[in-house]
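I have placed the structure first, in the form of structure tokens, so that the comments after it can refer back to it.
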Amino acid sequence: MARFVKTGKKTIKAISTSSLPDIVFMILFFFMAVTTMRETDVMVTVRIPEATEGKVLEKKSLASFIYIGEPLESFQALYGKEPKIQLNDSFKELADIQDFIAQEREQLNEADKAKMLVVLKIDRDTKMGIVTDVKQALRRASALKIMYANTNVDKITSF
Amino acid sequence: MADIAFLLLIFFLAATTMDSDTGLMRQLPAIPDPNVPQDVNKINDRNILEVKVNKDNLLLVEGQLTEFDQLREIAHNFILNPNDEPSMPEREVVYLPFFGNVAVTKAVISLQNDIGTKYGVYLAVQNELIAARAKLRDDVARQEFGIPYDRLDEDRKSAVDDYYKVPISEAEPKRIGD
């Protein structure tokens, strides 16, 4: 019976880590399922305005994004503080919108071309002048389906 | 194993975003063809609700200075015209699927802004107008089909859309109020 007599100090066993990969994979799959790839780095400040009637963008593949807002601080030395238009990964001028739309439309299937949607992500403090110009440019490029991005709230508290 | 999984996890955390985009869907009018003669049939004045937002973000509805909070109710009353007032939109009997022959309103909302208007205000005004229209569509969907507008199928939805068509038109821009 001496075999069962405890001798020496008690040691605390380390927690088994054999199930750690399973847990981490589980979290990984969760993130893979619920997130989408980040397409572009936004280089302008965009504080999306509030609204109550926003609809969820269902098919992201059909959407092209136009960002309008004040350039981020790191770009202000180069581009100034006036609101700028960002298409893909660079600042562009109004005249470039037509090419941008043509290029984006080229990437879609024949069947999807009519369903193309342009999402306008515009800072809430932007003046309508530049927004109207962009809208006119979109009309000229016959990209007529647009979406004004907003954050959905129950009641608008600030413009 | 765990190291590789962590590596992948961190990659996905960095390279993806969780937020889904929401926004107000709008349809821009096509550029009018200069070779095609313009439609000269002007819309009757009583059918137009004129909403203007100026560079100081003040709201003018039918020539009256209006608080933002009242806009939704004004638009609602205008479209509905409950007492058939002669200064408010007229109705026109048309045939609609599911409804049969019904009198639908000929109301149009015209939204104008200065180029100095703040985008946030402009969007909020659009939101109120869309909300007023959506409320009326939802009401008629509940009344006719007993279910909310969001849960109707496509055919019924488009019938309800035609019942309260109420286009929200954005006037050709004028460059004022810089």
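Each value in this text was obtained by applying a stated rule to the coordinates, not by laboratory testing. Here the structure is a predicted model, which means the values were calculated and not measured. Every residue, glycine among them, receives a Cβ derived from its backbone with ideal geometry; neighbour counts consider all protein chains shown.
Points to keep in mind about this one:
- Residue within region A:48-63 that is of a type in the set (D, E, K, R), part of a strand (DSSP E or B) and more than 13 Å from every other protein chain (Cβ to nearest Cβ) present: no
- Candidate set from region A:126-159 (those that are of a type in the set (Gly, Ala, Ser), buried (at least 16 other Cβ atoms within 10 Å of the Cβ) and under 26 Å from B:Asp19 (Cβ atoms)); member that is nearest to the other protein chains (Cβ to nearest Cβ): A:Ala149
- Considering only residues in region A:30-47 that are among the aliphatic types (A, V, I, L, M) and assigned to a helix (DSSP H, G or I), the one that is farthest from the other protein chains (Cβ to nearest Cβ) turns out to be A:Ala33.
- The condition of being touching a residue at least 60 places away in the same chain (Cβ under 8 Å) and either crowded, with 18+ Cβ neighbours inside 10 Å or out of contact with any Leu (no Cβ under 8 Å at 6 or more places or on another chain) (or both) holds for only one of B:Ala132, B:Ala171, that being B:Ala132.
- Annotation: of all residues in region B:105-145 being facing chain A (nearest Cβ under 9 Å) and assigned to a strand (DSSP E or B), the one that is farthest from B:Ile43 (Cα to Cα) is B:Lys118.
- Inter-residue pairs, beta-carbon under 8 Å, first within 19 Å of A:Tyr148 (Cβ to Cβ) and within 7 Å of another protein chain (Cβ to nearest Cβ) and in region B:1-27, second in a helix (DSSP H, G or I) and not small (Gly, Ala, Ser), 6+ apart: B:Asp21/A:Lys60; B:Leu24/B:Leu123; B:Leu24/B:Gln126; B:Leu24/B:Asn127; B:Leu24/B:Ile130; B:Arg26/B:Gln126
- Look at (1) acidic (Asp, Glu); (2) within 13 Å of another protein chain (Cβ to nearest Cβ); (3) in contact with a strand residue (DSSP E or B) (Cβ under 6 Å, 6 or more places away or on another chain) and you find that A:Glu104 fails only one, number (2).
- Yes/no for B:Glu154 being more than 30 Å from B:Asp56 (Cβ to Cβ) and either within 14 Å of another protein chain (Cβ to nearest Cβ) or more than 15 Å from the chain's Cα centre (by Cα) (or both): yes
- Residue within region A:79-101 that is among the basic types (Lys, Arg) and either closer than 22 Å to A:Ala143 by Cα or within 14 Å of chain B (Cβ to nearest Cβ) (or both) present: yes
- Of the residues making up region A:107-122, those that are touching a helix residue (DSSP H, G or I) at 6+ places or on another chain (Cβ under 7 Å) and within 7 Å of chain B (Cβ to nearest Cβ) number 1.
- Only one of B:Phe12, B:Phe98 that is of a type in the set (Phe, Trp, Tyr) and closer than 29 Å to B:Ser158 by Cβ: B:Phe98
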